[in-house]
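Right, one structure below, let's go through it.
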Amino acid sequence: MVLFLLLLIVAVVLGVIGALGRDTLYLLIIGVMVLIADLVLLRTRMGHSRRPRVPWGGPGRGA
């Protein structure tokens with residue numbers, strides 16, 4: 001989660017500098033790319049956080 005927040009802050013800072021600065025459009029593009037990579041990272045971490053399925057059906061199915 002710390003990595004997600006750090007990348008989010010970097011993306012916002014690069015985006016603001018790229019949008020406000022003169023001849024710094026590349027920073028805006030890099031900021032957007034970092035934001036997209038950050039969202040992909042979040043999606044993959046959320047996808048792997050699910051509990052694995054129990055092969056015998058889980059609790060309450062008898063032993």
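A short reminder: the numbers here are calculations on the coordinates, not readings from a lab. Worth saying up front: this structure is predicted, and the values here are computed from it rather than measured. Positions of Cβ are backbone-derived with ideal geometry, glycine not excepted, and every protein chain shown enters the neighbour counts.
Calculate the spin-label point distance for VAL32 paired with VAL12, positioning each point 7 Å from the Cα along the beta-carbon direction, and give it in nanometres.
With each label point 7 Å from Cα toward Cβ, the separation is 2.0 nm.
Full extension from THR24 to LEU42: what is 0.36 nm times the residue separation minus their Cα-Cα distance, to one decimal in nm?
Value of the extension gain: 3.7 nm.
Explain nothing, just compute: Karplus ³J(HN,Hα) = 6.51 cos²θ - 1.76 cosθ + 1.60, θ = phi - 60°, for every residue of the range 33-46 in order, whole Hz, x for Gly and Pro.
Here the 3J(HN,Hα) series is 5, 5, 4, 5, 5, 5, 5, 5, 4, 4, 5, 5, 5, 6 Hz.
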